[in-house]
Amino acid sequence: MMFRPSSFAAAAAVVAAALLATPASEAAAPMARGDNPGYYRMLLGDFQVTALSDGSHVFPVDTVMIDTTQEQVAAALARDDLALPIQGSINAFLVNTGSKLVLIDTGAGALYGPCCGKLLDNLRAAGYRPEQVDEVLLTHLHKDHVGGVLHDGKIAFPNAVIRVARTDADYWRSRTRRDAAPEFLRSFFDSADAALAPYEAAGRLRPFSGDVELLPGIRSVAEPGHTPGHTAYLVESRGQKLLLWGDIVHVAPVQLADPRAALKYDSSDKDAQRARAALFARAAAEHFWIGAAHVSFPGLGHVARDGDRYRWVPANYEAAPGSGL
Ligand SMILES: [Zn+2]
């Protein structure tokens, strides 16, 4: 059939009229509800690493930062087009070495309210079950890292051993330290003790000291300051390295610009500053992966030098790691 411009134009006009006549109510979908996806996988050599979101919370960073100024905080947030209060991510990381399933940090559990405590749901969504976890490594014993070892007041990981630096376990479980601590920190001691007690009673709390190989491919790296026993974990497979650095950073735009900026929750702000500055320099020079508890989810990326400061370079998103071409 021959193409006839006049009839084509007429047909197009009819279609256009029909589209214009569509009532608006038929086009408007109700707003969808529910959380954003809360897991992200990557490969590290032979290991599979899954970042798990525990949620995000309203974070009034201007009220918790010390060793900086309100002007510096405001300028750093403005550079990243952020306004107060920002959202603070709580991330944990699941490492499947092929022979062990290892969870690094556990989120807040019930301790931060409905914003958070989503780790178990996201672990299941990622294709795992809590009973498959062999070891739980804790970077430190603050609520948003240890709270998730319990679910409904009971052991959340029924087959797991809990590993934590002995220095942190001794500190946060000390009644004397608790009573000497500032009021705003006392519930941290109570929560840490309540979280660990059921595992200890079951003979499954195993503290360690210093820098040790905990499992093939996973080492502890003492980074005291944020807490007395604050520990990073270095994961390595086939020469690829990922440092799960816990709470080295709470507010990336501010602290990457100035590693001296600290948190009022730091046990020793001076030690935390030293640890942060040294780690930034090393991470930027050696280009290893970082997994961060409080950088926007998934908290996987690199640290790069940017003139006289540093910047966070998020992981290049990969929809299906390991699926090939
Ligand atoms: Zn912390």
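Considering only residues that are charged (D, E, K, R) and within 15 Å of the ligand (Cβ to nearest atom), look in region 220-265 and name the one that is surrounded by the fewest Cβ atoms within 10 Å (Cβ to Cβ).
Going residue by residue through region 220-265, those that are charged (D, E, K, R) are 223, 236, 238, 241, 247, 258, 260, 264.
Those still in the list that are within 15 Å of the ligand (Cβ to nearest atom) too: 223, 247, 264.
Numbers: GLU223: 26, ASP247: 26, LYS264: 13.
Once the filter is applied, the top-ranked residue is LYS264.
Looking at region 227-248 only, could you name the residues that are at positive phi and more than 15 Å from the chain's Cα centre (by Cα)?
ARG238, GLY239, listed by residue number.
What number of residues in region 266-300 are surrounded by fewer than 20 Cβ atoms within 10 Å (Cβ to Cβ) and either more than 25 Å from THR63 (Cβ to Cβ) or touching a Phe, Trp or Tyr at 6+ places or on another chain (Cβ under 6 Å) (or both)?
9
Would a scan of region 96-104 turn up a residue that is surrounded by fewer than 19 Cβ atoms within 10 Å (Cβ to Cβ) and touching a residue at least 60 places away in the same chain (Cβ under 8 Å)?
Yes.
Please give the strands (runs of 3 or more DSSP E) falling wholly within region 49-150 in which 3 or more residues are closer than 20 Å to PRO298 by Cβ. Write out each step before concluding.
Working: elements: 86-96, 101-104, 135-137.
The qualifying strands (runs of 3 or more DSSP E) are 86-96, 101-104.
Being among the acidic types (Asp, Glu), surrounded by 19 or more Cβ atoms within 10 Å (Cβ to Cβ) and away from the ligand (no atom under 16 Å from the Cβ) is the filter here; which residues of region 110-147 pass it? It would help to see each step written out before you state the result.
Of all residues in region 110-147, those among the acidic types (Asp, Glu) come to 121, 131, 134-135, 144.
Still in the list and also surrounded by 19 or more Cβ atoms within 10 Å (Cβ to Cβ): 135, 144.
Correct list: GLU135 only.
Can we say ALA32 is at pLDDT below 95 and surrounded by 10 or more Cβ atoms within 10 Å (Cβ to Cβ)? Please lay out each step first, then the result.
Numbers: at pLDDT below 95: yes; surrounded by 10 or more Cβ atoms within 10 Å (Cβ to Cβ): no.
No; evaluated as a whole, the condition is false for this residue.
Consider ALA194 carefully, then state whether it is touching a Leu at 6+ places or on another chain (Cβ under 9 Å), modelled with pLDDT of 95 or more and either on the phi > 0 side of the Ramachandran plot or surrounded by 22 or more Cβ atoms within 10 Å (Cβ to Cβ) (or both). Show your work before the answer.
Values: touching a Leu at 6+ places or on another chain (Cβ under 9 Å): yes; modelled with pLDDT of 95 or more: yes; either on the phi > 0 side of the Ramachandran plot or surrounded by 22 or more Cβ atoms within 10 Å (Cβ to Cβ) (or both): no.
Considered against the rule, which asks whether it is touching a Leu at 6+ places or on another chain (Cβ under 9 Å), modelled with pLDDT of 95 or more and either on the phi > 0 side of the Ramachandran plot or surrounded by 22 or more Cβ atoms within 10 Å (Cβ to Cβ) (or both), ALA194 comes out as no.
For ALA169, only one of the following conditions fails: (1) over 24 Å from GLY301 (Cβ atoms); (2) in contact with a Phe, Trp or Tyr (Cβ under 7 Å, 6 or more places away or on another chain). What is its number?
ALA169 satisfies all of (1) over 24 Å from GLY301 (Cβ atoms); (2) in contact with a Phe, Trp or Tyr (Cβ under 7 Å, 6 or more places away or on another chain) except (2).
The values are calculated or read from the model by the stated rules, or taken from the named source; none is laboratory data. Everything numeric in this text was worked out from a predicted model, so none of it was measured. When we count neighbours, we look across all protein chains shown, and the Cβ atoms used for this are built from the backbone with ideal geometry, even at glycine.
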